[in-house]
Every structure is written in structure tokens, then in C-alpha cells.
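Quick notes on the structure that follows.
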Amino acid sequence: MSTLTATPELNDLAEKVWSSQRLTFEDGVRLFRTRDIHTLGELANQVRLQRHGRQTFYNINRHINYTNYCVLRCKFCSFYRPYNNEPRASARAEISGIEPILPVIPSRGLKPAAPSDSYELSVDEIVRLAEQAASDGATEVHIVGGLHPKLPFDYYLDLCRGIQSVCPKLHIKAFTAIEIIHFTRVSRPRRTIRQVLEELRAAGLGSLPGGGAEIFDDRVHDEAYKNKVGEEGWFDVHRAAHELGMYSNATMLYGHLETIEERVQHLVKLRDFQDESLAGRAAHFNCFVPLSFIPDGSELRHLPGPDGLDDLKTLAVSRLMLDNFPHIKSFWIMHSPKLAQVALDWGVDDLDGTVVWYDITKREGAGTRHQQLTVAQLQRLVVEAGYQPIERDSLYQHVPRTSMMK
Ligand code: V47
């Protein structure tokens, strides 16, 4: 497969990659620990080139984070705000059959503005954002939020229905596995995971993003996100989605309290699950998204977070270990556009998209919710790196455009 000469340290692993043999857990750990980073990057790049040639995928999308109220207190998260019975926004009044507890505050985008920065968006506001995104050329809205203690299941159904009725072509990629399980708990009568997914799909949900996976390990779970649904629940949701024919993604939040072994174990668990989905379910994971931990503002802010080399190694090892995942994404919001560009040589073939607004992490402190790359900027990153930019839809079909998007 290659003209690459691996150092003796990685010779046997290079042979395995060249002959398409599956890497073991121990191989993954060795790749993380190697000092021969050039061979590691080149091996990942070869796998990427074999799968996708020089094509690099991006989409025109818009991320919408509907609330930062959350019943959880994950230590890595700087996004959540406790609910504490603060004055309510307009959301509940606008959705079917819900009486507002407090007077409705006129719709003004994010509410309340002061003294707290907690917010929830009404269904109408979300639909308007989606409409705006569609008129700007977006093919996808990526919608996730905190676990809101009061919003009823109807809010999420109305949100999907509302978007679908005004933008029937817009793909709704929404709700992490953790949110889906939250919906089973708030729904009345209580729904199963499958019922929640079926109802959301009938309302317009197209696919599931990969968030909430963190690290599949009980020790890390108990130290960093104790009360969150763990690996079993996360896989239950993705299993049900794949059985229903709904595609999804998978993530790994790395660079906080986990060890290298725990990272590799996470990858192996995903690979095993993907084998099952590919063999016997109607859909599977499309993409793996390693999320680089951003400590700013979180309870773990004393940690340094991953450096650039760790980011590149993690992406490369992911490409090599996850031999049954079609795509590896560098989410430029967390990696930075510069690192995401370099990562195209380290196994990455997807850059997510234009994003526009993003609330969950802010690399440069407060006031930078507006995090956007234009199509021209995304394309330039790709072209300058020697790759071919391809606009994709949510299911990785090529999007033909008659005019150049900005
Ligand atoms: O679920 C939270 C993570 C996720 C931090 O599926 C953090 O295509 C880093 O899942 N530092 C949300 N990460 C983002 C996500 C995602 C993003 C882009 C594309 C896709 C996809 C999925 O972000 C959360 C959590 O795991 N996260 N806090 C933090 N401080």
C-alpha cells in the first residue's frame, strides 16, 4: 500500500495497517505512546487517502443550543446553569397546552439577559433561527442543549415539527443520547427510548449527533460526570436509532481525567458496537468526532487540556483504530481552524461546518458565542492544505450548488 518506511518501533503496526489488519487495544496504546509521530500521522493519512482520496467534507450548518439550564453538574462543562426557579422565558407559553408559571417575557432572543446568563429559547425562536439558516443556504441544523428540568416532551416535538413545517428540506440533527434518555423521563406517559425516537422522527428528526459519550469508563464517569447517563444508556440510544434506520455519530471527550488506556478502550467499544450495527442493523455511525477538552470556565479549569500534538495523535489513532467508521471529523470549534487544517494530513476528512453560533465551548472566553467560518474560509483551509473541498449533506451526499456560497 505504501512507500513509507516506518521506524523499527512501528514496523509491525505499519505492516498491519498496510495489510488492512485490525489493530488491537495494545496497538492503540503503543500508537498513542510512540515518539515517531511522523509515521503515526502518515499511516493515518494513508488510510484516509485510501477511503476518501483528497476529498474533504464540510457542510453549511447552524448549531443551535436551545437552553443552558441543566439538571447535571458535569465537571468538564462550562455551559450549564442551574435552574433554581429563575423567571421563566416565553418558551412554555408558546408550546401546546402549557400554562406559564410566571408572566411571559417578550421574546428577545436569549433570556433573561441579566443578572443571569441562563437562557432557554422558545420554539418560535428556534424555528426562526432555522429559517434564517435555511435562507443562508444551510442544509442542516444541529440542535442540542442542557437537560432542562421543566420543558415537557412536547417542546421537543413542537421544535422538530415547527422546523419541518417551514423548512422541509432542512435536515434536523438533534439531541444527544443523554437528552433522549431525559425525554423518556419527562414524557407523560413515560416513553421508551424507541418510542421517543419514533415520535421525534415522525416530527422531523433526521439523525442523532454523537455528543454525551465522554469516556466510556466507570472511574472517569464517577469522577467527572457522576450523575450522567453512562455508557450503557448512551449505547442503548444509538442501538435503538440504528435499529430504526436512523444514522448517528459518536464522540469522545478527551484530555481531562482519563488515561491513554481509557481512551483506547473507548475507541474499541465504539468499534465493536459499529461492527454489530453494520452486521445487523438498518443504520450505523457515520462519523467519529474526538472533542478536545476546553478547560476554560469549567470545574476542571486547573487542567491544561490537550496540546496540539495530543489533538493530532488522538485524531490519527482514531482513524487507525476505527477501521469501520467512514469519517473522522475535526470539529474546528474545539481544535481551532488552524489545527483542523493540519489534521487533514492526520486522518481527518471532515471539518463539520459553518456553525455560526456555538454556546457549549468558547475558546477565547466570554463574548465569543459567534463562532463562524464562511464557506470561502472553509474551502481555503482545505485547498491550501492540498485537498479538495466537498460540500456534503448530513448523510455525506454531495450537495451540488449552482452559485458560490459566501
Ligand atoms: O456532549 C462539553 C462536549 C459535546 C466541553 O455529532 C466539551 O457531528 C470540550 O457532541 N470541552 C457537544 N468538549 C458537542 C458534540 C458535537 C460537536 C460537533 C459535531 C458533533 C457531531 C457533535 O461537547 C458534549 C460534550 O461531550 N463538551 N463541554 C468542553 N469543556
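Hey, how many Å between the Cα centroid of segment 165-215 and the Cα centroid of segment 271-299?
If you average the Cα positions of each part, the centres end up 16 Å apart.
Taking the solvent-accessible surface of protein heavy atoms with a 1.4 Å probe, what is the per residue accessible area of the chain in Å²?
Working: 16590 Å² over 406 residues.
Value returned for the chain: 41 Å² of accessible area per residue.
Students sometimes get this wrong: rank 80, 247 by accessible area, probe 1.4 Å, all chains present, largest first.
Details: 80 45, 247 70 Å².
Largest accessible area first, the list is 247, 80.
Add -39500 (n - 2.57) for each DSSP H run of 4 or more in the chain, then divide by its residues: what number comes out at 222 nm, to the nearest 500 deg cm²/dmol? All intermediate terms of the calculation are to be shown ahead of the outcome.
Working: 15 runs with 161 residues, N = 406.
My calculation for the chain gives -12000 deg cm²/dmol from helical runs alone.
Quick one: angle between helix 260-280 and the longest Cα principal axis of the chain, in degrees between 0 and 90, rounded to 10, please.
The helix 260-280 is inclined about 80 degrees to the chain.
Taking +1 at the Cβ of each Lys and Arg and -1 at the Cβ of each Asp and Glu, which of 41, 66, 14 sits farthest along the dipole of segment 1-71 towards its positive end, judged by Cα position relative to the Cα centre?
66
Using a 1.4 Å probe on the protein chains only, how many percent of the accessible area of the chain belongs to carbon and sulfur?
The C+S portion of the solvent-accessible surface of the chain is 51 percent.
What's the angle, to the nearest 10 degrees (0 to 90), between helix 193-203's Cα axis and the longest principal axis of the chain?
Between the helix axis and the principal axis of the chain, the angle is about 70 degrees.
So how far apart, in nm, are the two label points at residue 227 and residue 279 if each is 7 Å from Cα heading toward Cβ?
3.9
For residue 362, give me every one of the lysines with a C-alpha distance below 20 angstrom, ignoring sequence neighbours fewer than eight places off in its own chain.
Filter leaves 75, 111, 329, 338.
Report the antiparallel proportion of the DSSP beta bridges in the chain as a percent, rounded to a multiple of 5.
Numbers: 5 of 34 bridges.
Rounded to the nearest five, the antiparallel share is 15 percent.
Could you tell me which Cys residues in the chain have no other cysteine's Cβ under 4.7 Å from their own Cβ, answering none if every one has a partner?
Lone cysteines by the Cβ rule: 70, 160, 167, 287.
Which value, in debye to the nearest 20, gives the size of the charge dipole of segment 164-256 about its Cα centre, when Lys and Arg are +1 and Asp and Glu are -1 at the Cβ?
Working: 12 positive and 12 negative charges, 106 e Å.
In total the dipole reaches around 500 debye.
Using only the alpha-carbon atoms, how far is helix 177-186 inclined from the longest principal axis of the chain? Give it as 0 to 90 degrees, nearest 10.
Once rounded, the angle reads 30 degrees.
In nanometres, what is the gap between the two model label sites at residue 296 and residue 19, each 7 Å from Cα along Cα-to-Cβ?
Once both label points are built, they end up 4.8 nm from each other.
How much length, in nm to one decimal, is gained on full extension between residue 51 and residue 272, taken as 0.36 nm per residue of separation minus their Cα-Cα distance?
This chain segment gains 77.6 nm when fully extended.
Could you give the dipole magnitude of segment 51-391 about its Cα centre, charging the beta-carbon of Lys and Arg +1 and that of Asp and Glu -1, in debye to the nearest 20?
580
Using only the Cα atoms of segment 1-70, what semi-axes does the equivalent ellipsoid have when each is the square root of 5 times a gyration tensor eigenvalue? Give whole Å, largest first. Numbers along the way, then the final one.
Working: eigenvalues 213, 65, 23 Å².
Ellipsoid semi-axes (Å, largest first): 33, 18, 11.
Report D for segment 35-82 in µm² per second (integer): Stokes-Einstein, Kirkwood Rh on Cα pairs, 20 °C, 1.002 mPa s.
For these conditions, the coefficient is 142 µm²/s.
With each label point set 7 Å from Cα along the Cα-Cβ vector, what nm distance links residue 190 and residue 261?
3.7
Report the charge-dipole magnitude of segment 186-343 in Debye, nearest 20, computed about the Cα centre from +1 at each Lys and Arg Cβ and -1 at each Asp and Glu Cβ.
600
Averaged across orientations, what area in nm² does the convex hull of the alpha carbons in the chain project?
Details: hull surface 77.4 nm².
Computed as one quarter of the Cα hull surface, the answer is 19.3 nm².
Set Lys and Arg Cβ to +1 and Asp and Glu Cβ to -1, take the dipole of the chain about its Cα centre, and tell me which of 138, 224, 343 lies farthest positive.
Most positive-ward Cα: 138.
Going 7 Å from the Cα of residue 303 toward and past its Cβ, which residues in segment 206-234 have a backbone nitrogen under 13 Å from where you end up?
Only 214-217, 219-226 fall inside the zone, counting backbone N under 13 Å.
The values are calculated or read from the model by the stated rules, or taken from the named source; none is laboratory data. Every value quoted in this text rests on a predicted model; they were computed, and no experiment measured them. A quick note on method: Cβ atoms are made from the backbone with ideal geometry, for glycine too, and the neighbour counts reach across all protein chains shown. What goes into the accessible areas is simple: the full protein's heavy atoms, side chains included, and nothing from ligands, DNA or RNA. Shrake-Rupley method; radii C 1.70, N 1.55, O 1.52, S 1.80 Å.
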